[in-house]
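Participant: Below you will find the structure I want to go over with you.
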Amino acid sequence: MNTKDTKVGILAALIIVPALALGLGMAGCKTGDGASEEPAGSGEVSGCDEYVCPMHPEVRQSEPGTCPDCGMDLVCEAGDEPSP
């Protein structure tokens, strides 16, 4: 094998291998199910009457949000979840 063929082979490998890695990496980032990346509580009307902090049960609100004490997302109280 001569030097020119070796240089062409190395150059091709330097172009093809990163391109394949980039393509596979980007393909792995897609969910493929069309799901929204937004959190479940954003913009939805859920039918839950009261939201509570999992760590601070005394923190209750009538709408989704975050706990003022710890910053955790408030969750729908178990008895208030709408049935499917």
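Participant: Need one number: nm distance between label points at GLU58 and ASP5, each 7 Å from Cα along Cα→Cβ, rounded to one decimal.
Facilitator: For GLU58 paired with ASP5, the spin-label model returns 8.1 nm.
Participant: Give, in nm to one decimal, the length gained when the segment between GLU77 and LEU14 is fully stretched (0.36 nm per residue of separation minus the Cα-Cα distance).
Facilitator: Going from the current span to full extension adds 17.1 nm.
Read-outs: derived from the displayed coordinates by stated rules, not from any lab. As the structure is a prediction and not an experimental result, all values here were calculated from the model. Every residue, glycine among them, receives a Cβ derived from its backbone with ideal geometry; neighbour counts consider all protein chains shown.
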